1. May I have the pair-distance distribution P(r) for segment A:4-278, computed from all Cα-Cα distances with 5 Å bins from 0 and rounded to whole percent?
2. What is the fewest-to-most order of A:Ser169, A:Ser468 by other Cβ atoms lying within 10 Å of their Cβ?
3. Equivalent ellipsoid semi-axes for segment A:198-338, as square roots of 5 times the alpha carbon gyration tensor eigenvalues: give them largest first, rounded to whole Å.
4. Run the helix sum for chain A: -39,500 (n - 2.57) per DSSP H stretch of 4+ residues, divided by residue count, reported at 222 nm to the nearest 500 deg cm²/dmol.
5. Report the calculated FRET efficiency for A:Gln311 and A:His162 (r = Cβ-Cβ distance, R0 = 41 Å), to the nearest 0.05.
6. Taking the simple approach of a point 7 Å from Cα along Cα-to-Cβ for both A:Arg196 and A:Ala502, what is their distance in nm?
7. Less than 17 Å apart at the alpha-carbon level, and either on another chain or at least 8 residues along: which aspartates and glutamates does that give for A:Lys297?
8. Project the alpha carbons of segment A:452-501 onto their principal axes and report the range along each, largest first, in whole Å.
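What follows draws every value from the coordinates through simple rules; no lab data is involved. These numbers come from a predicted model, not from an experiment. Quick reminder, even Gly has a Cβ in these numbers, built from the backbone with ideal geometry, and neighbours come from all protein chains shown.
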Amino acid sequence: MSLSIYNSYSRKKEVFASITPGHVGMYVCGPTVSGESHLGHARPYISFDVVYRFLQAKNYKVRYVRNITDAGHFEEEGREAEDKVSTKAQLEKLEPMELVQKYTNLFHWAMKEFNCIEPSIEPTATGHIVEQIVMIEDIIAKGYAYVVNGSVYFDVKKYAAHHDYGKLSGRVIDELLEANNRTQVSRDLEGQDEKRDAADFALWKAAPPEHIMRWKSPWGEGFPGWHIECSAMATKYLGTSFDIHGGGMDLQFPHHESEIAQSTICNHTSPVKYWMHNNMITINGRKMGKSYNNVIKLTELFSGTHPLLSQPFHPMTVRFFILQSHYRSPLDFSNDALIASEKAFKRLWEAYENLKKLVPGSNENASDKELDEKVTQWLHQFEEFMDDDISTPKVIANMFELAPVINSIKDGLIKIDAIKVSTLQLMKERFTTFLENIFGLKSIDGATNEVLQPVMELLLEIRKEAKSKKDFATSDKIRNQLTAMGIVIKDEKDGNTSWNIA
RNA sequence: GGUCCUGUGGCCGAGUGGCUAGGCAGAGCUCUGCAAAAGCUUCCACAGCGGUUCGAAUCCGCUCGGGACCUCCA
């Protein structure tokens, strides 16, 4: 009954024990709001939403911090970063905060669509410039950073002499330092020649005149480096050492490695007890990412307006699709895979709806002991599987084992008293807890329309009358026309007819 | 080039050395006025070659293939 999670830092599954009993501090790297979120972004936020929900289900009080990266080098997609001294009127100029607002709103919208619970705190980088500057000053004071031309760099070589820089990402420090000597350094990153060593990373960057986001600092006008915000905000809200830090695998290096270095110098302690990293979503076997130019934006996914998509996909379908694989495995996207997930999810959800309507029998003794035991075992495994490094696909597999049992009871193929009353109750409770509360899934169809409901009842009543008079022309007309409108009706075994919006 | 991960049936995906993953698709059957749905049954696997073992998809080695990171990146 105890949770084990795979710790990227030790590369082992470890039994989870929170630093403060009963409480968990969790930090997850949030989005950079300089562009629209795509399918790849959905994975960490859904995966860690499930972790968050599961920890809460295990009665932990969780403080979940997920940042918004809204500082840095900004330009609008398809539009060059504009010169601040351009002659354009104020309102025509690119206003960074306007962009940030737009994409933050879009991100929040997507998270809501995915039914992700909002984090406890969602700090922004721009709102914590002061904290970052203070932290950088501290690192300088401790001798692990140096200032060059208004920029500040972290001294990796000095740090690595006494700490294991590279451990998290499995990097060999000597090679990183040697990268210095590589001739094919084609990175024309500004300031590269200012560094003492190529492995050093920026804590603060001096802003060139055309840079539109800039703040005053002890070193001149500039903006924070790429890694300091997470260290500063995590420390502020979760303390110098906290339980879980999550994010995509692609952030392990250099981002998380650098976070460890910064925080370790400032706080004299390693910041994170358990590092959790989700794997990538691939498309045709390749990571979905801006640089590969193969992204499917969430807006395109939900609306079906991408060349690779044959139809729109409901956010719950996408969420289910992601939960069907383990968070540490790569997940290959395709239109067909999503269609399969959609069908699977609909079938599972319908079984769940059927389950909720089952009326318990009166027998406390199971007439089919073997079945009762199997059902009980499948149900108990829900938690066991989740305890084993959040194995959502295994839980889902068990749910699919149970679906035929539920449907058979509903259709009378299995008698209700084949299983104990208590087993049925457990089944209802477990399904609601895991499907709704922990997996965060909800119904996909919008058949709860209050106006439509009585209209449908009327239509189905007319059809029923026609059928009873063997007037199949009328009954089929109703069914076919409704199907054409996207409403599917099914004649149930008990003589009733159910319907839903496809 | 360096570090690491990975290769499961038509597709997607679990797999802790021995016992059914699961889903989608396919085939057959049951139910049904006909459908749909549901239920039952069924076909199709472990990249290749060696090795360890009583026994390997699972451990080791090699070969081939794929990917991630080394640069902003979930």
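1. Per 5 Å bin, starting at 0, the Cα pair percentages come out as 1, 5, 12, 16, 18, 17, 14, 10, 5, 2, 1, 0, 0.
2. Working: A:Ser169 19, A:Ser468 9.
Ascending Cβ contact count within 10 Å gives the list A:Ser468, A:Ser169.
3. Working: eigenvalues 247, 91, 34 Å².
Computed over segment A:198-338, the values are 35, 21, 13 Å.
4. Values: 15 runs with 202 residues, N = 502.
Theoretical 222 nm ellipticity from helices: -13000 deg cm²/dmol.
5. Values: r = 57 Å, r/R0 = 1.38.
Efficiency, rounded to the nearest 0.05: 0.15.
6. 6.8
7. Answer for A:Lys297, where 17 Å is the Cα cut-off: A:Glu36, A:Glu76, A:Glu77, A:Glu113, A:Asp332, listed by chain and number.
8. If we take the Cα atoms of segment A:452-501, the spans are 27, 22, 18 Å.
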